[in-house]
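K.L.:
Got a structure for you, written out below as C-alpha coordinates; questions coming shortly.
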Amino acid sequence: MLLSSYKITRTLPCLADPEKIRVIAEISDEIHEVFPFLNAILKGCIYNHPALTLTIKKDGKLFTLHTHHITLAKIENGKEAEEILKWLKDLINETYEKRDKIEPNYSKGAELKALDIFKLLPGTNCKKCGELTCLTFAVKLVGQEIEITKCIPLFSEGYQEKRKVLSELLHAAGYNVA
Ligand code: SF4
(Lines give C-alpha, C1' and ligand atoms only; values in the text may rest on other atoms or scores of the structure.)
Protein backbone atom coordinates (compact mmCIF):
# COMPACT_ATOMS: atom_id res chain seq x y z
CA MET A 1 0.00 0.00 0.00
CA LEU A 2 1.38 3.39 -1.02
CA LEU A 3 -1.12 5.67 0.71
CA SER A 4 -2.36 4.74 4.18
CA SER A 5 -4.45 7.73 5.17
CA TYR A 6 -5.51 11.30 4.47
CA LYS A 7 -7.00 14.13 6.47
CA ILE A 8 -8.88 17.21 5.27
CA THR A 9 -6.99 20.20 6.65
CA ARG A 10 -8.47 23.17 4.78
CA THR A 11 -11.78 24.05 3.15
CA LEU A 12 -11.84 27.21 1.03
CA PRO A 13 -14.23 28.86 -1.41
CA CYS A 14 -13.70 27.62 -4.97
CA LEU A 15 -12.50 30.38 -7.30
CA ALA A 16 -13.87 28.67 -10.37
CA ASP A 17 -17.36 28.48 -8.85
CA PRO A 18 -18.16 30.53 -5.71
CA GLU A 19 -21.03 28.19 -4.78
CA LYS A 20 -18.63 25.27 -4.43
CA ILE A 21 -15.67 24.59 -2.19
CA ARG A 22 -12.03 23.73 -2.60
CA VAL A 23 -10.61 21.13 -0.26
CA ILE A 24 -7.01 20.43 0.73
CA ALA A 25 -6.13 17.10 2.33
CA GLU A 26 -2.77 16.25 3.85
CA ILE A 27 -1.67 12.69 3.15
CA SER A 28 0.33 10.25 5.23
CA ASP A 29 2.79 9.12 2.53
CA GLU A 30 4.63 10.43 -0.53
CA ILE A 31 2.63 9.38 -3.59
CA HIS A 32 4.44 10.87 -6.61
CA GLU A 33 5.85 7.46 -7.60
CA VAL A 34 2.41 6.44 -8.85
CA PHE A 35 1.79 9.57 -10.99
CA PRO A 36 3.20 8.26 -14.33
CA PHE A 37 1.17 5.07 -13.91
CA LEU A 38 -2.05 6.98 -13.20
CA ASN A 39 -1.20 9.21 -16.17
CA ALA A 40 -1.03 6.04 -18.28
CA ILE A 41 -4.37 4.57 -17.26
CA LEU A 42 -6.56 7.68 -16.89
CA LYS A 43 -7.67 9.84 -19.82
CA GLY A 44 -7.02 13.59 -19.94
CA CYS A 45 -4.63 13.93 -16.99
CA ILE A 46 -2.16 16.77 -16.80
CA TYR A 47 1.18 15.52 -15.54
CA ASN A 48 3.84 17.99 -14.50
CA HIS A 49 6.82 15.74 -13.89
CA PRO A 50 9.31 18.46 -12.72
CA ALA A 51 6.77 19.88 -10.26
CA LEU A 52 5.52 16.39 -9.30
CA THR A 53 1.83 17.15 -9.74
CA LEU A 54 -0.88 15.21 -11.51
CA THR A 55 -4.29 16.71 -12.23
CA ILE A 56 -7.18 14.32 -12.78
CA LYS A 57 -10.43 15.52 -14.41
CA LYS A 58 -13.59 13.66 -13.42
CA ASP A 59 -17.26 14.64 -13.79
CA GLY A 60 -16.35 18.32 -14.27
CA LYS A 61 -14.23 18.35 -11.11
CA LEU A 62 -10.48 18.66 -10.80
CA PHE A 63 -8.29 16.72 -8.40
CA THR A 64 -4.62 17.67 -8.16
CA LEU A 65 -2.27 15.21 -6.54
CA HIS A 66 0.95 16.55 -5.02
CA THR A 67 3.66 14.62 -3.21
CA HIS A 68 2.33 15.49 0.25
CA HIS A 69 -1.22 16.68 -0.31
CA ILE A 70 -4.28 16.49 -2.55
CA THR A 71 -6.40 19.43 -3.73
CA LEU A 72 -10.02 18.99 -4.80
CA ALA A 73 -11.78 21.79 -6.72
CA LYS A 74 -15.46 22.44 -7.47
CA ILE A 75 -16.70 20.25 -4.61
CA GLU A 76 -20.28 20.40 -3.29
CA ASN A 77 -19.64 19.68 0.40
CA GLY A 78 -17.50 17.81 2.93
CA LYS A 79 -19.33 14.52 2.33
CA GLU A 80 -18.51 14.61 -1.37
CA ALA A 81 -14.88 15.48 -0.57
CA GLU A 82 -14.61 12.41 1.71
CA GLU A 83 -16.08 10.16 -0.99
CA ILE A 84 -13.65 11.47 -3.62
CA LEU A 85 -10.67 11.12 -1.29
CA LYS A 86 -11.60 7.51 -0.56
CA TRP A 87 -11.93 6.87 -4.32
CA LEU A 88 -8.53 8.48 -4.93
CA LYS A 89 -6.88 6.50 -2.13
CA ASP A 90 -8.19 3.21 -3.56
CA LEU A 91 -7.19 4.25 -7.09
CA ILE A 92 -3.66 5.21 -5.97
CA ASN A 93 -3.14 1.97 -4.06
CA GLU A 94 -4.64 -0.32 -6.71
CA THR A 95 -2.60 1.35 -9.47
CA TYR A 96 0.57 1.17 -7.41
CA GLU A 97 0.04 -2.56 -6.82
CA LYS A 98 -0.38 -3.15 -10.58
CA ARG A 99 2.48 -0.86 -11.64
CA ASP A 100 4.64 -3.73 -12.97
CA LYS A 101 1.98 -4.35 -15.63
CA ILE A 102 1.55 -0.69 -16.66
CA GLU A 103 3.76 1.24 -19.09
CA PRO A 104 4.41 4.59 -17.32
CA ASN A 105 3.44 7.75 -19.21
CA TYR A 106 5.64 10.79 -18.56
CA SER A 107 4.00 13.07 -21.14
CA LYS A 108 2.63 16.34 -19.91
CA GLY A 109 -0.70 16.65 -21.71
CA ALA A 110 -2.06 20.10 -22.47
CA GLU A 111 0.41 22.92 -21.99
CA LEU A 112 -0.73 26.34 -20.91
CA LYS A 113 0.17 29.28 -23.17
CA ALA A 114 0.30 32.96 -22.17
CA LEU A 115 -1.94 33.85 -25.10
CA ASP A 116 -4.65 31.44 -23.88
CA ILE A 117 -4.58 33.22 -20.52
CA PHE A 118 -4.51 36.67 -22.11
CA LYS A 119 -7.73 35.95 -24.03
CA LEU A 120 -9.51 35.33 -20.72
CA LEU A 121 -8.31 38.49 -18.96
CA PRO A 122 -10.36 41.73 -18.96
CA GLY A 123 -7.92 43.16 -21.52
CA THR A 124 -8.21 46.75 -20.26
CA ASN A 125 -4.53 47.21 -19.31
CA CYS A 126 -5.73 48.95 -16.13
CA LYS A 127 -2.44 48.20 -14.28
CA LYS A 128 -4.23 47.27 -11.03
CA CYS A 129 -2.17 44.06 -10.90
CA GLY A 130 1.03 46.09 -10.94
CA GLU A 131 1.84 45.15 -14.55
CA LEU A 132 1.80 47.53 -17.49
CA THR A 133 -0.40 45.32 -19.67
CA CYS A 134 -2.66 42.29 -19.44
CA LEU A 135 -0.26 40.43 -21.72
CA THR A 136 2.62 40.95 -19.27
CA PHE A 137 0.35 39.67 -16.51
CA ALA A 138 -0.49 36.59 -18.63
CA VAL A 139 3.20 35.85 -19.24
CA LYS A 140 3.93 36.13 -15.51
CA LEU A 141 0.93 34.00 -14.59
CA VAL A 142 2.03 31.20 -16.91
CA GLY A 143 5.50 31.42 -15.35
CA GLN A 144 3.94 31.31 -11.87
CA GLU A 145 5.51 34.68 -11.00
CA ILE A 146 2.17 36.29 -10.10
CA GLU A 147 -1.11 35.15 -8.53
CA ILE A 148 -4.38 35.21 -10.47
CA THR A 149 -5.95 37.16 -7.57
CA LYS A 150 -3.76 40.18 -8.41
CA CYS A 151 -6.04 40.86 -11.37
CA ILE A 152 -8.73 42.57 -9.26
CA PRO A 153 -11.13 43.33 -12.16
CA LEU A 154 -11.27 39.61 -13.01
CA PHE A 155 -12.99 39.05 -9.66
CA SER A 156 -15.74 41.57 -10.31
CA GLU A 157 -19.26 40.59 -11.37
CA GLY A 158 -18.85 41.09 -15.13
CA TYR A 159 -15.96 38.65 -15.51
CA GLN A 160 -17.38 35.64 -13.66
CA GLU A 161 -17.52 33.42 -16.76
CA LYS A 162 -13.98 34.27 -17.93
CA ARG A 163 -12.66 33.77 -14.38
CA LYS A 164 -14.31 30.36 -14.22
CA VAL A 165 -12.79 29.20 -17.51
CA LEU A 166 -9.37 30.59 -16.59
CA SER A 167 -9.42 28.87 -13.19
CA GLU A 168 -10.31 25.58 -14.86
CA LEU A 169 -7.52 26.05 -17.38
CA LEU A 170 -4.99 26.71 -14.63
CA HIS A 171 -6.18 23.75 -12.57
CA ALA A 172 -6.09 21.46 -15.58
CA ALA A 173 -2.51 22.49 -16.26
CA GLY A 174 -1.56 21.56 -12.72
CA TYR A 175 -1.35 25.09 -11.34
CA ASN A 176 -2.32 25.81 -7.78
CA VAL A 177 -5.26 28.19 -7.75
CA ALA A 178 -5.99 29.21 -4.18
S1 SF4 B 1 -5.33 44.00 -13.35
FE2 SF4 B 1 -6.10 42.54 -14.83
S3 SF4 B 1 -7.13 43.83 -16.34
FE4 SF4 B 1 -5.78 45.17 -15.19
S5 SF4 B 1 -3.84 45.16 -16.34
FE6 SF4 B 1 -3.67 43.58 -14.80
S7 SF4 B 1 -4.31 41.75 -15.89
FE8 SF4 B 1 -5.06 43.45 -17.10
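The values are calculated or read from the model by the stated rules, or taken from the named source; none is laboratory data. Being a predicted model, the structure only gives us computed values, none of them experimental. Cβ: placed from backbone, ideal geometry, glycine included. Neighbour counts: every protein chain shown.
K.L.:
Could you say whether any residue in segment 49-69 is more than 16 Å from the ligand (Cβ to nearest atom), loosely packed, with under 14 Cβ neighbours inside 10 Å and farther than 22 Å from LEU12 by Cβ?
P.N.:
There is at least one residue in segment 49-69 that is more than 16 Å from the ligand (Cβ to nearest atom), loosely packed, with under 14 Cβ neighbours inside 10 Å and farther than 22 Å from LEU12 by Cβ.
K.L.:
While we're here: If you check THR55 against the conditions, is it within 28 Å of VAL142 (Cβ to Cβ) and either touching a Lys or Arg at 6+ places or on another chain (Cβ under 8 Å) or outside any strand (DSSP E or B) (or both)? Full working, then the answer.
P.N.:
Details: within 28 Å of VAL142 (Cβ to Cβ): yes; either touching a Lys or Arg at 6+ places or on another chain (Cβ under 8 Å) or outside any strand (DSSP E or B) (or both): no.
It is false that THR55 is within 28 Å of VAL142 (Cβ to Cβ) and either touching a Lys or Arg at 6+ places or on another chain (Cβ under 8 Å) or outside any strand (DSSP E or B) (or both).
K.L.:
Among the residues of segment 131-178, which ones are among the β-branched types (Val, Ile, Thr) and in contact (Cβ under 8 Å) with a residue 12 or more places away in the chain?
P.N.:
Correct list: VAL139, VAL142, ILE146, ILE148, THR149, ILE152, VAL165, VAL177.
K.L.:
For residues that are near the ligand (Cβ under 7 Å from one of its atoms) and either out of contact with any Phe, Trp or Tyr (no Cβ under 8 Å at 6 or more places or on another chain) or among the small types (Gly, Ala, Ser) (or both), tally how many sit in segment 105-136.
P.N.:
The number of residues fulfilling the criteria is 7.
K.L.:
Quick one: is ILE148 touching a helix residue (DSSP H, G or I) at 6+ places or on another chain (Cβ under 6 Å) and buried (at least 16 other Cβ atoms within 10 Å of the Cβ)?
P.N.:
Answer is no for this residue.
K.L.:
Still on this structure, please answer the following. Could you list, in sequence order, all residues of segment 137-148 that are closer than 19 Å to PRO13 by Cβ and either more than 10 Å from the ligand (Cβ to nearest atom) or of a type in the set (Gly, Ala, Ser) (or both)?
P.N.:
Across segment 137-148, the qualifying residue is only GLU147.
K.L.:
Take residues that are without any contact (Cβ under 8 Å) to a residue 60 or more places away in the chain and tell me which of the strands (runs of 3 or more DSSP E) falling wholly in segment 4-51 contain 1 or more.
P.N.:
Where strands (runs of 3 or more DSSP E) fall fully within segment 4-51 and carry at least 1 residues being without any contact (Cβ under 8 Å) to a residue 60 or more places away in the chain, they are 6-13, 21-27.
K.L.:
Hey, another quick one. Against the definition (on the phi > 0 side of the Ramachandran plot, among the hydrophobic types (A, V, I, L, M, F, W, C) and either surrounded by 14 or more Cβ atoms within 10 Å (Cβ to Cβ) or touching a residue at least 60 places away in the same chain (Cβ under 8 Å) (or both)), how does LEU72 come out, yes or no?
P.N.:
Here the answer is no, as LEU72 does not meet what is asked.
K.L.:
Of the conditions (1) within 13 Å of ASN77 (Cα to Cα); (2) at pLDDT below 85, ARG22 clears all except one; give me its number.
P.N.:
Exception for ARG22: condition (2).
K.L.:
Does CYS14 satisfy the condition of being within 23 Å of THR149 (Cβ to Cβ) and either crowded, with 17+ Cβ neighbours inside 10 Å or of a type in the set (A, V, I, L, M) (or both)?
P.N.:
It is true that CYS14 is within 23 Å of THR149 (Cβ to Cβ) and either crowded, with 17+ Cβ neighbours inside 10 Å or of a type in the set (A, V, I, L, M) (or both).
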